[in-house]
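The values are calculated or read from the model by the stated rules, or taken from the named source; none is laboratory data. The structure presented is a predicted model; accordingly, all values stated were derived computationally and were not measured. All Cβ positions, even for glycine, are placed from backbone atoms using ideal geometry, and neighbour counts span all protein chains on display. Side chains included, ligands, DNA and RNA excluded: accessible areas come from the protein's heavy atoms. Shrake-Rupley method; radii C 1.70, N 1.55, O 1.52, S 1.80 Å.
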Amino acid sequence: MARPRRTRLARIGDALRRHRRWVLAVQWFVVVFYAALVVVPVFLPLPPTGASIVSNLTLAAQFAFWGLWWPGVILSTVLFGRVWCGVFCPEGAVTEFASRHGLGRTIPRWVRWSGWPVVAFVCTTVYGQLVSVYQYAAPALLILGGSTLLAAGVGFVWGREKRVWCRYLCPVSGVFALLAKIAPFHYRVDEAAWKTYPGPPPRVDCAPLVDLRHMTGASDCHACGRCSGHRDAIELAARSPSQEVLAAKPSRRDFALALLLVFGTLGVAVGAFQWSVSPWFTTARQAAATWLIERDAFLLLQDNAPWWLLTHYPEVNDAFTWLDGLLVCGYIGVYALVTGVLGWAALRASARLAGGIDWASLAMGLVPIAGAGLFLGLSMTTLTQLRAEGWVPPGVGSARALLLGGAALWSLWLGWRLVARGSPPTATRLAATALYTLPLALATASWTMIFWGW
């Protein structure tokens, strides 16, 4: 039987499969570059007043890592799926290398718990705010270096040539799984071609442990290309960015991702980006400090915490008091709890009213606004660093408004389509969509306040 003609996109996937050595070379180059960005600044003095990203290596590394690297990773995942994970991620390369030469033990059930990405994302996000991970090198090394060491340890113990860390434990794996749902490219599986493939197929080592035959989306696929052309049934292909969200069927993993979406990316992450510019936080801090001073209770006003627990850099007049730490945790926690519970309740009510859909599948319609928020939040660091250099790209406000408005409209349209699954009457569909818009409105209002209200 003649092999079907491959499209240009499919040939790109085939090229990734054929040139694995080049892909590995790229991965290890990124590992070295990543290590340099994270490790070298720790041994350098803090930037003096007036230093710039062109004259100071520490500031240059911060700009490259937090100002360009991470916004670029978010953008690449939305545009191309998890190609970052499969081709570039340093932790992925390290954990797979360790797994190739490790113990190869069976993955225990507790590791495969679907809630780890939620817990890991929340903990690293909040802890990063407490130690000012975007501003200082030592906390970045502690968090990112610690994560890489854990990835290597997990790879060494469990699996053989697999990415157990990436699949189950990585703090940003769940976020990438959500964003990849709206990517316009994916590895498509042709079930009919799979069944009719003649002879024994070649072995495919799927490092992220994806069931290739039943792969219906881009969430778990790392887009590494190793399975491209397998059984003449898998190929890189274009699709509608809304396809995976609209075709989703509920699963236990989707419920965990929905919780991460509603309480994590639309809750904890927004609260983490918001507290430092929020007048509510400033008011609460002043009120709490005044209350403590009036009662001669100065313990919480001390700034003697170690740097690895709370921000402590007195040489540049930047040190958190114990009260600051409590209020940061409280602000993020209250914001995530209020918006998360309201959003979850609204989604459940909307799904029940519409019929034919569960709340977790309906929540996936909010992925565009969540992705836009993550990109906007991370780009705040980019613009802060550029502003310190005396230059801000023109049209920033308009670009932000366009991105936020476009993402909100996309999420609204997805919600309208998802609510229609149960074919409710028009009035019911409108009411269910109105409920669905509550978490969307909360997210949009939060970013509007950050950029234009405060």
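For this structure, a couple of remarks:
- For segment 290-333: rounded, prolate or oblate by the Cα gyration tensor [a/c cutoff 1.5]: oblate
- Surface accessible to a 1.4 Å probe, per residue, for the residues of the chain, Å²: 47 Å²
- Orientation-averaged projected area, Cα convex hull of the chain (nm²): 25.0 nm²
- Sparsely packed loop sites in segment 194-255 (the trypsin sites (Lys or Arg not before Pro) outside DSSP H, G, I, E and B with at most 10 other Cβ atoms within 10 Å) comprise ARG203.
- Under 16 Å from the Cα of LYS249 - lysines, other chains or at least 8 residues apart: LYS181
- Residues whose amide H falls under 5 Å from that of HIS312, counting only those 5 or more places apart or on a different chain, are PHE320, with hydrogens built in the peptide plane.
- For the set HIS214, HIS19, the ranking by accessible area, highest first and with no ligand, DNA or RNA atoms included, is HIS214, HIS19 under a 1.4 Å probe.
- Gyration tensor (alpha-carbon) shape descriptor, segment 309-454, a/c threshold 1.5: oblate
- Candidates LEU342, CYS329, TRP307 compared by Cα position along the dipole of segment 251-397: farthest toward the positive end lies LEU342, with charges placed on Cβ.
- Judged by the ratio a/c of the largest to the smallest principal axis of the C-alpha gyration tensor, segment 41-104 counts as oblate, that ratio being 1.5 or greater while a/b is no larger than b/c.
- Using every pair of separate Cα atoms, the Kirkwood estimate puts the hydrodynamic radius of segment 250-371 at 16.7 angstrom.
- Ranked by how many other beta carbons lie within 10 Å on average, peptides 316-324, 83-91, 56-64 from highest: 83-91, 56-64, 316-324
- Here is the list for segment 330-434: chymotrypsin sites (Phe, Trp or Tyr not before Pro) lying in DSSP coil, each with at most 14 other C-beta atoms within 10 angstrom of its C-beta, are TRP391.
- Inter-part distance, segment 305-348 to segment 374-403, computed on C-alpha centroids, equals 23 Å.
- Per residue, the convex hull spanned by the Cα atoms of segment 1-73 measures out at 112 cubic angstrom.
- The order of the peptides 345-353, 216-224 by mean Cβ neighbours within 10 Å, most packed first, is 216-224, 345-353.
- Rounded percent of accessible protein surface that carbon and sulfur make up, segment 236-374, 1.4 Å probe: 66 percent
- Centre-to-centre separation between the Cα atoms of segment 408-454 and those of segment 56-131: 30 Å.
- Couplings 3J(HN,Hα) for segment 95-111, derived from phi with the Karplus relation 6.51 cos²θ - 1.76 cosθ + 1.60 (θ = phi - 60°), are 5, 5, 4, 5, 5, 5, 10, x, 7, x, 6, 5, 6, x, 5, 5, 5 Hz, where x marks Gly and Pro.
- Using a probe radius of 1.4 angstrom, the carbon and sulfur fraction of the accessible surface of segment 139-194 is 74%.
- Projecting the Cα atoms of PRO90, SER52, GLY13 onto the charge dipole of segment 1-114 (Cβ charges, centred on the Cα centre) puts GLY13 farthest toward the positive pole.
- Segment 99-181, Cα convex hull volume normalised per residue, Å³: 99 Å³
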